[in-house]
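Asker: Please find one structure pasted underneath; my questions will follow.
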Amino acid sequence: MENKRRLGSAYEAMAVEYLKGKGCFILARNFRCRQGELDIVARDGRYLVFVEVKYRRDSSFGDPLEAVDAKKQRRICAAASYFCQCNGYGGEEPCRFDVVAIDGRNELTHLEHAFEYQI
């Protein structure tokens with residue numbers, strides 16, 4: 001389990017560097033609460049961005065982008081709501097939900113607006 005966590009942290013760090021290179025400001029990493037976990041929270045211009053990072057060594061378990069199913073999306077949205085409450089962001093704050101997928105060749109795909117807010 002420790003190796004899996006370390007591997008996940010390494011891919012999240014890769015995603016953070018990518019996002020910084022695009023001009024994003026990282027606000028939080030691995031925000032945990034009862035509702036779930038947010039891998040990365042960033043500011044991209046006017047958007048507050050909640051980023052889920054997914055890694056797949058190969059496609060035998062499907063595409064990493066497909067791993068963020070409706071149930072996972074609802075958990076991310078609930079955690080995002082809690083993050084906003086805890087950090088003083090109001091309901092008028094424009095938010096975006098992105099997915100960064102990394103494959104076995106360490107190729108990164110960034111899907112902006114991957115899904116809409118839902119409860």
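The values are calculated or read from the model by the stated rules, or taken from the named source; none is laboratory data. No experiment lies behind these values; they were computed from the predicted model shown. So basically every Cβ, Gly included, is an ideal-geometry build from the backbone, and we count neighbours across all protein chains shown.
Asker: Scan (1) assigned to a helix (DSSP H, G or I); (2) modelled with pLDDT of 95 or more; (3) in contact with an Asp or Glu (Cβ under 7 Å, 6 or more places away or on another chain) for the single condition residue 40 breaks and write down its number.
Answerer: Unmet for residue 40, out of (1) assigned to a helix (DSSP H, G or I); (2) modelled with pLDDT of 95 or more; (3) in contact with an Asp or Glu (Cβ under 7 Å, 6 or more places away or on another chain): (1).
Asker: If you scan segment 64-119, which residues turn out to be among the charged types (D, E, K, R) and either touching a Phe, Trp or Tyr at 6+ places or on another chain (Cβ under 9 Å) or in a strand (DSSP E or B) (or both)? Lay out the reasoning, then the answer.
Answerer: Filtering segment 64-119 down to residues among the charged types (D, E, K, R) leaves 66, 69, 71-72, 74-75, 92-93, 96, 98, 103, 105, 107, 112, 116.
Residues satisfying the conditions are 93, 96, 98, 103, 112, 116.
Asker: Now, a different point. Note down all Cβ pairs under 8 Å where the first residue falls in segment 93-119 and is farther than 18 Å from residue 12 by Cα, the second is part of a strand (DSSP E or B) and modelled with pLDDT under 90, and they're at least six residues apart or on different chains.
Answerer: As it stands, the answer is none, since no pair meets every condition given.
Asker: Restrict the check to segment 26-33 and report whether at least one residue is aromatic (Phe, Trp, Tyr), modelled with pLDDT of 95 or more and surrounded by fewer than 16 Cβ atoms within 10 Å (Cβ to Cβ). Break it down into steps so the answer makes sense when it comes.
Answerer: Step one: list which residues in segment 26-33 are aromatic (Phe, Trp, Tyr), which gives 31.
Right, trim to modelled with pLDDT of 95 or more and you get 31.
After this cut, where a residue has to be surrounded by fewer than 16 Cβ atoms within 10 Å (Cβ to Cβ) as well, the list is none.
Scanning segment 26-33 turns up no residue that is aromatic (Phe, Trp, Tyr), modelled with pLDDT of 95 or more and surrounded by fewer than 16 Cβ atoms within 10 Å (Cβ to Cβ).
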